[in-house]
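Peer 1: Once you've had a glance at the structure underneath, I'll fire off some questions.
The values are calculated or read from the model by the stated rules, or taken from the named source; none is laboratory data. Please read these numbers as outputs of a predicted model, since none were measured by experiment. Glycine gets a Cβ as well: all are built from the backbone with ideal geometry, and neighbour counts include every protein chain shown.
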Amino acid sequence: MLDLVSEKIQGAIQYLKGEGSITEKNIESALKDVKLALLSADVHYKVVQDFIARVKEKALGAKVSLSVLPGQQLVKIFNDELTRVLGEENKPLRIPSKVPSFLMLAGLQGVGKTTTAGKLGCMLKKQGFNPLLVSVDLKRPAAQEQLGVIAKESGIPFYSVQAKGVVEAAEEIYGYAEAKGYHPVILDTAGRLHVDEELMTELREVKERVSPFEVVFVADAMTGSDAVKSAVRFQEEIGFDSVILTKLDADSRGGAALSIAFLTGKPIKFAGMGEGYDKLEPFHPERLASRILGMGDIVSLVEKAQEAVDEKEAERLAKKMAKREFSLEDFLDNLKQIKKMGSLADILSHLPQAGPLKGIDLKNLDEKRIVHMEAVLLSMTPEERRDPEIFNGKRRLRVAKGSGRPVSEVNQLLKQYREMKKFIKKGFFSRILGKVDF
Ligand SMILES: Nc1nc2c(ncn2[C@@H]2O[C@H](COP(=O)(O)OP(=O)(O)OP(=O)(O)O)[C@@H](O)[C@H]2O)c(=O)[nH]1
Ligand SMILES: [Mg+2]
């Protein structure tokens, strides 16, 4: 889902890759495609406007950092803003101790209310509750039966109402659940093709009778902007507390997910990921945001880098690099900074497996390598570190002995240093990505 948005966001980040800083001009061009992609994914225009404006504002206000590239900074901004729009963090379902407590499902026709009732029942049963499945959908003859089948298949108690009217049915169910002590009661309701007055009145009356602790608006992720419109109407007319987004497994454009929570101010608590009764997952805004970004966990790398890297030190190194004065002495300082940032494998695992990092086997990366490199560097004299050109066979042997590493490693390190210098000459390797690029 939201593949196009993901693609365009990555495009925007790429766009800034060669830029030294974020400017009014380059951010404008970078965001143009993202905006169109959001709109074509059925994200509500109000959400798109707000999103783009905030990304732009934050990007322009971002502090120029020596340890983080503008593109990476933008990744973090996108991530924060996507997460904000999606609702920050997962909000769990809280079931009160009162018996009976009702959880009421509402939504348009065919969105997946009845299936979701079964899924919720299964989930709560697993958590040790004793739920009851009931339905006040009296219009469709097969509605009671459908829920009955689901209940039977998943081993959850079910009660079939006798009453002919919706309000009487709600009262009948209340009495039954109270007498039997089921906890909680999952109440399925009828869907309509469109939000009509009759449906609204009916739902309002049912809500009044059973005073649910949670009214859940069930929305079909595949319907896009329709789902958003009906959610807003429902919110105004009946009021709901949370959202369950169904059919997120299907090939949907996914804009609903980005719009509903934001426009109604209500959290998406669960996502339906298939037809099976076990296919209900807690909805995690931050995870969906990072999936949309498709950037591994570069966000935490940026945070980590901001925390750990000594800006002054980074600046000093960057200046040296610019003057092509990068010596082994600096290489040693560089290693120390990397060590501060966490293990190499840890750092690399936070980066997307693309570009120069493609194909690197993180699991087999020897973390001790940095320690060994440091030992080799420390066994050199300051003179050698400042001017590696003076290295001959004798010096290499001495350093190897002093560090307890084989001569081949000393040679390897000197070779890496020469390669690094080449990179610097080409103008690469100035900031964080450069630092782990060996
Ligand atoms: N792929 C997929 N299909 C789902 C999901 N949830 C529900 N469905 C399917 O959607 C269809 C409609 O589901 P129902 O649960 O009957 O929907 P409803 O909202 O109760 O429908 P009405 O009572 O007629 O308004 C069924 O074929 C379900 O199997 C989901 O998360 N993923
Ligand atoms: Mg139904």
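Peer 1: Sort out for me the helices (runs of 4 or more DSSP H) sitting completely within the range 142-248 that have 2 or more residues that are surrounded by fewer than 23 Cβ atoms within 10 Å (Cβ to Cβ), more than 16 Å from ligand 2 (Cβ to nearest atom) and of a type in the set (Phe, Trp, Tyr).
Peer 2: 166-180
Peer 1: Just one of LEU108, LEU124, LEU120 is in the same structural domain as ASP249 (by TED's automatic domain parsing) and either assigned to a loop (DSSP other than H, G, I, E, B) or small (Gly, Ala, Ser) (or both); which is it?
Peer 2: LEU108
Peer 1: OK, next. Say whether the condition of being of a type in the set (S, T, N, Q), closer than 19 Å to LEU288 by Cβ and part of a loop (DSSP other than H, G, I, E, B) is met by at least one residue in the range 88-95.
Peer 2: yes
Peer 1: For the range 95-111, name all the residues that are buried (at least 16 other Cβ atoms within 10 Å of the Cβ) and under 20 Å from ALA169 (Cβ atoms).
Peer 2: If the condition is that a residue be buried (at least 16 other Cβ atoms within 10 Å of the Cβ) and under 20 Å from ALA169 (Cβ atoms), then PRO100, SER101, PHE102, LEU103, MET104, LEU105, ALA106, GLY107 are the ones that fit.
Peer 1: Considering ASP241, ASP278, which residue is in contact with an Asp or Glu (Cβ under 6 Å, 6 or more places away or on another chain) and either modelled with pLDDT of 85 or more or assigned by TED's automatic domain parsing to the domain that holds ILE9 (or both)? Before the answer, list the steps.
Peer 2: Values: ASP278 fails: in contact with an Asp or Glu (Cβ under 6 Å, 6 or more places away or on another chain).
That would be ASP241, the only listed residue that is in contact with an Asp or Glu (Cβ under 6 Å, 6 or more places away or on another chain) and either modelled with pLDDT of 85 or more or assigned by TED's automatic domain parsing to the domain that holds ILE9 (or both).
Peer 1: Can you tell me how many residues within the range 186-206 are charged (D, E, K, R), at pLDDT 90 or above and more than 17 Å from ARG140 (Cα to Cα)?
Peer 2: Residues flagged as charged (D, E, K, R), at pLDDT 90 or above and more than 17 Å from ARG140 (Cα to Cα) within the range 186-206 amount to 2.
Peer 1: Being touching a residue at least 24 places away in the same chain (Cβ under 8 Å), surrounded by 16 or more Cβ atoms within 10 Å (Cβ to Cβ) and assigned to a helix (DSSP H, G or I) is the filter here, so list the residues in the range 27-49 that pass it.
Peer 2: ILE27, ALA30, LEU31, ASP33, VAL34, ALA37, LEU38, VAL47
Peer 1: Continuing with this model, one more query. Report whether or not ASN130 is farther than 20 Å from ASP241 by Cβ, in contact with a helix residue (DSSP H, G or I) (Cβ under 9 Å, 6 or more places away or on another chain) and away from ligand 2 (no atom under 16 Å from the Cβ). First the steps, then the outcome.
Peer 2: Working: farther than 20 Å from ASP241 by Cβ: yes; in contact with a helix residue (DSSP H, G or I) (Cβ under 9 Å, 6 or more places away or on another chain): yes; away from ligand 2 (no atom under 16 Å from the Cβ): yes.
So ASN130 fits the description; yes.
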